[in-house]
Amino acid sequence: MVARRILHVDMDAFFASVEQVRDPSLRGKPLVVGGLKTDTRGVVLTASYEARPFGVHSAMPIAEAARLCPHGIFIRGNRSLYSETSRQVREILSEISPVMEMASIDEAYLDVTGCVTLYDSEDGLAAHLKGEMRRRLELPCTVAIAANRLVAKVAAGEGKPDGYVRVPPGEEAAYLRPLPVKVLPGVGPKTQQVLVLLGIATVGDLADMPERTLAQRFGELTVVNLKRAAQGQGSDVVAAGGPPKSLGRETTFEKDSSDWTAIRRTLAVLTERTLFALRAHQLEARCVTLKVRYVDFQTQTFSQTLPAPTAQDPVIADAVNKLVPKAQERSAPVRLIGMSVSDLVGGQHQIPLLEGKTDAQWERALATVDALRSAHGFDALRFGRSVDLAGRESQ
Ligand code: TTP
Ligand code: MG
């Protein structure tokens, strides 16, 4: 098997940079996109790198940004302009490698294994890509090339802004070791808090920590996933056809089951696995579906749309659990159980644009997201240890 080389590219301060191209008088200035200073209830979508030293960041209330950066220029933003620019970004990238997958409005993965030789070296390819973005769109971006998506994504984050990072083959784990553990996907504030209690500050600390110790605080799969990430392992598959439309897992029981406690535990495992895949694709889901096949092969699905896209286990697990009573309405034993997520969107962008939304709609959406998040910690997810799924789970 050929060792693959994966490139991750993420545009710098994307919405703000696009605005600076549209209006060059904004260049070099602290620029905040998301609302006018007087829009007391808006949130920051992004800020130019000139505004960031003041502490302004995405998702912060506009009012707070205005306090921190009173001399900043504040604008509401223009979604269609960003979408059109994103389309141009995609075009440039697909000229470089046909194996290209947009992961959100401003980031993408490219499998460059087969096309490096055209540019002499990985450094040459990265320079070409960055040059094309500058020449054709006047936009800065950060590029990283590594053995897999995870390391490339982390490295691009470290290289920002206007950077390039190359992680040579075999050096993945060594590259990650000194970095703070929060750079790893799946290590949000809650997980980080628990890791700090265990004395884990860096990725290296996590890599060295015995699985036993981690298992006291996290479910089995979380431990496996954290360990893999800490060792710099990750998927090197770039889906040329674009991101998946849905992701899910299902399993057929050895013996038909009416034990809904056990079935719910199985669903918790299937959900955790699905969400790991979802986060690996850097996606979030808005729709959750429960699938059940009864003893007589009759198959039913039950779906729920969430108030906001998410990739958080507890939120999705909760939605699955709420669908279970519908499946229980038929008392027949269950042969197969499964769950899937669909209506997928690029991850980490939970905050929609102001445009087309009233402030009240906005507030409701944000309050729902916050309430869901504070109500369920990562550990709220129950893990079905007792359920044997070995080899029987399918996508
Ligand atoms: P990011 O790539 O996360 O941020 P960025 O490009 O502004 O800055 P960086 O240099 O750190 O990559 O997001 C891309 C765009 O998506 C961003 O410009 C604005 C938008 N966005 C939202 O609409 N809501 C959000 O919560 C975030 C984080 C971004
Ligand atoms: Mg970006």
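The numbers here are math on the coordinates, done by the rules we state, and not lab data. All values reported here derive from a predicted model rather than from experimental measurement. Don't worry about glycine lacking a Cβ; one is built from the backbone with ideal geometry, like all the others, and counts go over all protein chains shown.
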DSSP-defined beta bridges in the chain - what % are antiparallel, rounded to 5: 90
Cα-based convex hull, segment 58-167, per residue volume (Å³, whole number): 122
Proximal aspartates and glutamates to Lys160, defined as alpha-carbon separation beneath 15 angstrom and excluding residues fewer than eight positions away on the same chain: Asp10, Asp12, Glu50, Asp106, Glu107
Stokes-Einstein D for segment 133-219, Kirkwood Rh over Cα pairs, 4 °C, 1.567 mPa s (µm²/s): 90
Candidates Pro325, Pro168, Pro307, ranked by Gaussian network fluctuation over the chain, Cα under 10 Å, top entry: Pro325
Cβ-based charge dipole, the chain, positive-most Cα from Pro168, Leu197, Met339: Met339
Gain upon complete extension [Arg136, Ala215; 0.36 nm per residue less C-alpha separation]: 23.4 nm
Contact order normalised by residue count of segment 134-275, Cα under 8 Å, 6+ apart, percent: 22
Per-residue ³J(HN,Hα) for segment 59-71, Karplus 6.51 cos²θ - 1.76 cosθ + 1.60, θ = phi - 60°, Hz, x for Gly and Pro: 6, 7, x, 4, 4, 5, 4, 5, 5, 5, 9, x, 8
Cα-Cα over 28 Å, subset of Lys227/Lys322; Lys245/Lys326; Lys190/Lys227; Lys37/Lys182; Lys245/Lys291; Lys29/Lys245: Lys227/Lys322; Lys37/Lys182; Lys29/Lys245
Residue-by-residue Karplus 3J(HN,Hα) for segment 331-339, coefficients 6.51, -1.76, 1.60, Hz, glycine and proline x: 8, 4, x, 9, 9, 9, 10, x, 9
Whole-angstrom gap from segment 128-183 to segment 286-330, using each part's C-alpha centre: 37
Amide hydrogen neighbours beyond the local backbone of Thr46, cut-off 5 Å, H modeled: Val33
The chain: angle of helix 220-230 to the longest principal axis, Cα-based, in degrees nearest 10: 30
Percentage relative contact order, segment 245-332, counting C-alpha pairs under 8 Å, at least six apart: 28
Relative contact order (%) - criterion: Cα under 8 Å, at least six apart; region: the chain: 16
For Glu19, Glu284, order by how many other beta-carbon atoms lie within 10 Å, fewest first: Glu19, Glu284
Residue order, fewest to most beta carbons within 10 Å, for Tyr82, Tyr294: Tyr294, Tyr82
Calculated [θ] (222 nm, deg cm²/dmol) that DSSP helices of n ≥ 4 give over the chain, each run adding -39,500 (n - 2.57): -11500 deg cm²/dmol
Amide H partners (placed H, <5 Å) of Phe74, local residues excluded: Val32, Lys37
0 to 90° range, to nearest 10: angle between helix 79-96 axis and the chain longest Cα axis: 90
Amide hydrogen neighbours beyond the local backbone of Gly163, cut-off 5 Å, H modeled: Thr142, Val143
C-alpha long axis of helix 359-375 to longest principal axis of the chain, angle in °: 50
Over the chain, equivalent-ellipsoid semi-axes from the Cα gyration tensor in Å: 37, 26, 21
